[in-house]
Amino acid sequence: MLSPEERWGELFEAVQLAQVFPDGKTFVDCEPKYPAEQILSNYAAAKTESEFHLRAFVLEHFALPPAYGADFEADPGRSMSEHIRSLWPLLTRQPDEEGAGSLLSLPYPYIVPGGRFREIYYWDSYFTMLGLAADGELEMMEHMVNNFAYLIDQVGFIPNGNRTYFITRSQPPFFSSMVALLAEHKGAATYVNYLPQLLREYEFWMRGEEEVSEKTPAFEHVVRMPDGQLLNRYYDLSATPRPESYREDVETAEEQGGDAAQLFLDIRAACESGWDFSGRWFSDSQSLATIHTTEIIPVDLNALLYHLEQSIARGYQQKLDEGQAALFQEKANQRKAAIQAYCWDEATGFYRDYDFQARRFTPVLSMAGVYPLFFQIATDQQAARVADKLAADFLRPGGYTSTLITTGQQWDAPNGWAPLQWIAYQGLINYQYQELADKGRDHWLANNRRVYANTTKMVEKYDVENIEAEAGGGEYPLQDGFGWSNGVAQALLQTV
């Protein structure tokens, strides 16, 4: 299970630093045409020649990856919802044979986001599944849950995506939410069916809870707070440049001039968060070089783990194992209390990330603060204040903005993202804020429809402030396809 930088060594570094392809993800997704030993031997011989051309060598020895859904000719006469239904087959990958490239084969068909995202992605898939459920594609939804269960069994956790270069990190743990969604259609026994995988997922996120202490407060994903309560952070098991963004990470390290290994670890941890990148993770809110993700307790991650603990308790209840059910319900209760103690800010009336090194809130308010409503952690009074903050500060003409700051990063203003719109909608519904929920939904769907009318595309992210503009930021061009935008749109359309 070698990552591309391990497999290709000097060739990998040469290709990525020379920017043979504009997008660093292209090479790590290439499929070698010949055995690795032959390619490396050919490279060693060819690179010394005066007429050596690196790009020509790569094209001769590697097959370029496809862009899923990018060449689809949409029918402008179709409604947006009909267009999305027509996209599901185009975004479907069939089970692959184990190849020589970086793809980890999966046993069941699955939906990819689209464009450069040619593999399954962990947290994307929950929001994609919302649309599959809305469109009655229950078999595909179950296939995807089974693929994630397979990854947990094979790898020990769910990687960021099914690529060897993602094997050191996960993504926001939505597996328990996927199980809950499937259970809505297949019954409560679903919790028992996936209980072994729910438990192993939990073990991954809590690995090291016996290692933390007052003297050593953090180990991998686990953080011991000053009062002894346990919360979690994002973390990656590697502290090297990301293979898929190697050149960018090397350049950022050169710009920073400090501890490169720590920088790479914090960049990778932000990728595990799914918010790559946002001023949410920066100490000065503006510069990627000041990223310090591993010092932050993210409110969204801990709300997700609260749901995981509750789901395990529910699985044990279904098995009539009251002792284990009570144990995991108590873990959930303790986490809920810790979220309330460390992530609720009475001054702003909002949930915030907490810097456990500095022992204070981080400066950036973000839509992550709505997760406690989605998972019903907030009190009625807290939910009322969060709703007020959403209405006053986050809701823009095209939907909710990810943060209240503009940095040029793709997870900050003016960009809005489909998953955060769904979290807000359902979170508000949970506390009976129907009018505001509908308003946010309608702003977002109108933005989706406007872009679709102009381009016949569903895209990865949207500008929610200037609704005539295209969203920007990030390390790559705006992608179309697009899994979670499709899924959330179909789910929200069902509520109209």
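The values are calculated or read from the model by the stated rules, or taken from the named source; none is laboratory data. Remember, it's a predicted structure, so these values are computed and weren't measured experimentally. Backbone-built Cβ (ideal geometry, glycine too); neighbour counts: all protein chains shown.
Being touching a Pro at 6+ places or on another chain (Cβ under 9 Å) and among the hydrophobic types (A, V, I, L, M, F, W, C), is that true of even one residue in region 36-47?
Scanning region 36-47, I find at least one residue that is touching a Pro at 6+ places or on another chain (Cβ under 9 Å) and among the hydrophobic types (A, V, I, L, M, F, W, C), so the answer is yes.
Could you please let me know if G408 is in contact with a helix residue (DSSP H, G or I) (Cβ under 9 Å, 6 or more places away or on another chain), touching a residue at least 12 places away in the same chain (Cβ under 8 Å) and either farther than 24 Å from A378 by Cα or part of a helix (DSSP H, G or I) (or both)?
For G408, the condition - in contact with a helix residue (DSSP H, G or I) (Cβ under 9 Å, 6 or more places away or on another chain), touching a residue at least 12 places away in the same chain (Cβ under 8 Å) and either farther than 24 Å from A378 by Cα or part of a helix (DSSP H, G or I) (or both) - is not met.
Of these, E465, E470, which one is of a type outside the set (F, W, Y) and surrounded by 15 or more Cβ atoms within 10 Å (Cβ to Cβ)?
The unique qualifying residue is E465.
Condition first: farther than 27 Å from I291 by Cβ and either loosely packed, with under 14 Cβ neighbours inside 10 Å or of a type in the set (V, I, T) (or both). Now tell me which residues in region 194-239 satisfy that.
If the condition is that a residue be farther than 27 Å from I291 by Cβ and either loosely packed, with under 14 Cβ neighbours inside 10 Å or of a type in the set (V, I, T) (or both), then P196, E203, E210, D227, G228 are the ones that fit.
Looking at the structure I just gave you, is Y68 touching a Gly at 6+ places or on another chain (Cβ under 9 Å) and surrounded by 12 or more Cβ atoms within 10 Å (Cβ to Cβ)?
The answer is yes for Y68.
Only one of these conditions is not met by G99: (1) in contact with a strand residue (DSSP E or B) (Cβ under 9 Å, 6 or more places away or on another chain); (2) assigned to a loop (DSSP other than H, G, I, E, B); (3) free of Cβ contacts under 8 Å to residues at least 40 places away in the same chain. Which number is it?
(3)
I'm checking my understanding of the structure. Among residues of region 63-89 that are free of Cβ contacts under 8 Å to residues at least 24 places away in the same chain and of a type outside the set (D, E, K, R), which one is nearest to N147 (Cα to Cα)?
Restricting to residues being free of Cβ contacts under 8 Å to residues at least 24 places away in the same chain and of a type outside the set (D, E, K, R), the top hit is P89.
I need the full set of residues from region 1-49 which are among the polar types (S, T, N, Q), touching a helix residue (DSSP H, G or I) at 6+ places or on another chain (Cβ under 8 Å) and surrounded by 15 or more Cβ atoms within 10 Å (Cβ to Cβ), in order please.
S3, Q16, N42
When the residues of region 255-282 are filtered to those that are more than 22 Å from L305 (Cβ to Cβ) and buried (at least 18 other Cβ atoms within 10 Å of the Cβ), which remaining residue is nearest to the chain's Cα centre (by Cα)?
Applying the filter and picking the extreme gives F277.
Would you be able to tell me the number of residues in region 73-96 that are assigned to a loop (DSSP other than H, G, I, E, B) and either among the aliphatic types (A, V, I, L, M) or out of contact with any Ser or Thr (no Cβ under 8 Å at 6 or more places or on another chain) (or both)?
Residues flagged as assigned to a loop (DSSP other than H, G, I, E, B) and either among the aliphatic types (A, V, I, L, M) or out of contact with any Ser or Thr (no Cβ under 8 Å at 6 or more places or on another chain) (or both) within region 73-96 amount to 9.
Among the candidates E220, E184, which residue alone is on the phi > 0 side of the Ramachandran plot and among the charged types (D, E, K, R)?
Just a single option satisfies the conditions, and that option is E220.
Residues are listed down the side, and each one gets a yes or a no for (1) in a loop (DSSP other than H, G, I, E, B); (2) of a type in the set (S, T, N, Q); (3) under 18 Å from E251 (Cβ atoms); (4) in contact with an Asp or Glu (Cβ under 9 Å, 6 or more places away or on another chain):
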residue: E5; (1), (2), (3), (4): no, no, yes, yes
residue: Q16; (1), (2), (3), (4): no, yes, yes, yes
residue: Q19; (1), (2), (3), (4): yes, yes, yes, no
residue: P22; (1), (2), (3), (4): yes, no, yes, no
residue: V28; (1), (2), (3), (4): no, no, yes, yes
residue: Y34; (1), (2), (3), (4): yes, no, no, no
residue: S41; (1), (2), (3), (4): no, yes, no, no
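For residues that are in a loop (DSSP other than H, G, I, E, B) and either within 23 Å of F27 (Cβ to Cβ) or in contact (Cβ under 8 Å) with a residue 12 or more places away in the chain (or both), tally how many sit in region 259-290.
Counting residues in region 259-290 that are in a loop (DSSP other than H, G, I, E, B) and either within 23 Å of F27 (Cβ to Cβ) or in contact (Cβ under 8 Å) with a residue 12 or more places away in the chain (or both) gives 7.
Taking region 135-194 only, how many residues are in contact (Cβ under 8 Å) with a residue 60 or more places away in the chain and under 30 Å from S86 (Cβ atoms)?
Qualifying residue count, region 135-194: 10.
Hey, among the residues in region 372-406 that are surrounded by fewer than 21 Cβ atoms within 10 Å (Cβ to Cβ) and among the polar types (S, T, N, Q), which one's farthest from E309 (Cα to Cα)?
In this case the residue turns out to be T406.
Which residue pairs have Cβ atoms closer than 7 Å, lie 6 or more positions apart in sequence or on different chains, and pair a first residue in region 304-320 that is within 15 Å of A188 (Cα to Cα) with a second residue that is of a type in the set (V, I, T) and in a helix (DSSP H, G or I)?
Pairs that qualify, where the first residue is within 15 Å of A188 (Cα to Cα) and the partner is of a type in the set (V, I, T) and in a helix (DSSP H, G or I), are S311/V179; G315/V192; Q318/V192; K319/V192.
Which of (1) modelled with pLDDT of 95 or more; (2) assigned to a loop (DSSP other than H, G, I, E, B); (3) farther than 23 Å from N302 by Cβ is the odd one out, the single condition E468 does not satisfy?
So E468 meets the others, but not (1).
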